[in-house]
1. When the Cα centres of the range 150-214 and the range 1-37 are compared, how far apart do they sit, in Å?
2. Given a Förster distance of 35 angstrom, what is the FRET efficiency for S195 paired with K58, based on the Cβ-Cβ distance and rounded to 0.05?
3. Looking at the range 157-226, I'd like the Rg to Rh ratio, where Rg is from alpha-carbon atoms and Rh is Kirkwood's inverse mean 1/r.
4. Go from 0 up to the bin containing the longest alpha carbon distance in the chain, width 10 Å each, and give me the % of pairs per bin.
5. Taking the Cα atoms of the range 91-155 alone, what are Rg (to one decimal) and Dmax (as a whole number) in Å?
6. Accessible area of H72, 1.4 Å probe, to the nearest 10 Å²?
7. Determine the principal axes of the Cα atoms in the range 117-181, then give the extent along each, sorted from largest to smallest and rounded to whole angstroms.
8. Counting only protein chains, not ligands or nucleic acids, how are R202, R147, R97, R175 ordered by accessible area (probe 1.4 Å), most first?
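The values are calculated or read from the model by the stated rules, or taken from the named source; none is laboratory data. For clarity, every value in this text was computed on a predicted model and none was experimentally measured. All Cβ positions, glycine included, derive from the backbone under ideal geometry; neighbour counts span all protein chains shown. The area values use the complete protein model at the heavy-atom level, side chains included, leaving out ligands, DNA and RNA. Shrake-Rupley method; radii C 1.70, N 1.55, O 1.52, S 1.80 Å.
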Amino acid sequence: MKLNKPPIVEMWVEFLFDPNPSESVEPKFEFLGQFTNQYPKLEILHEDTLEFQQFSPKQLPKVVGRKVEIRHLRASDEKATRWIHVTHNRLVCNFLRLGEGYPGFRALSEDAIAKLKSYVERCQPLKIRQAAIHYVDVIEIPLPENRAIQLADYFTLGLDLPVDPFGDQLSYLLRTAVRPADGTGALEIQLQSESLAPDGKRLRFRMDWHKSCPYDGEIDPDRILADLKRAHESIIRCFRSAFTETTWKLFDPED
């Protein structure tokens with residue numbers, strides 16, 4: 001299935017761990033330091049905590065201590081289209097589509113697994129708890145002359161309220177979790193209306209797809225890659241079934 005105008009705008013692969021209790025933040029810096037050529041921009045998000053002590057009821061409390069804790073490291077490429085996020089128990093490899101190009105699931109997932117192997121070597125987490133993939137799609141629906149649309153004309157999931165007595169539906173948010181019959185586990189889906197396109201002639205909808213693979217044990221990159229591939233294939237089957245033919249044609253599919 002090839003779409004010449006795919007609606008995808010963002011995709012990420014994430015891994016959740018039981019962290020090594022003896023680990024300091026230095027191994028995380030070493031991990032990110034291996035990719036400075038690809039991800040030269042580094043941001044450090046920290047939590048700054050001050051300790052106060054009251055010496056006299058007639059005086060304001062005084063600062064007697066300060067603690068700075070690094071909570072989140074993130075590195076990006078020059079165009080801010082590729083990111084690596086690292087917290088105390090999570091690794092996320094993120095892709096943001098700014099133009100027409102999209103590397104595809106295979107390239108992005110294999111790159112994420114390569115980062116996972118390096119992360120495990122440097123940071124030595126005790127276990128992996130979860131691997132997941134997340135897609136963000138933006139679908140632009142052309143507005144008819146009356147500037148009102150029925151969701152059932154474009155999506156196979158949703159709820160249209162009767163115009164009488166409700167009137168036009170101004171915004172929309174649906175969140176659901178399903179369990180596809182393919183045995184790959186639960187899939188979370190969110191569909192919401194966002195805003196008009198800049199030309200005022202199209203209504204934007206955002207769809208989020210999140211599918212996770214649970215684990216409780218040692219990290220096996222080959223198994224995780226295979227599980228992510230099956231999860232991706234499951235999302236693709238549901239993705240196709242989520243739209244009517246009218247919407248599907250907006251993506252310019254190739255036969």
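1. 28 Å
2. Details: r = 55 Å, r/R0 = 1.57.
Given R0 = 35 Å and the Cβ-Cβ separation, E is 0.05.
3. Result: Rg/Rh = 1.18.
4. Pairs per bin, as whole percents: 6, 24, 27, 20, 13, 7, 2, 0.
5. So, for the range 91-155, Rg and Dmax equal 19.0, 59 Å respectively.
6. Around 40 Å² of this residue is reachable by solvent.
7. 60, 24, 22
8. The ordering from most to least exposed comes out as R175, R147, R202, R97.
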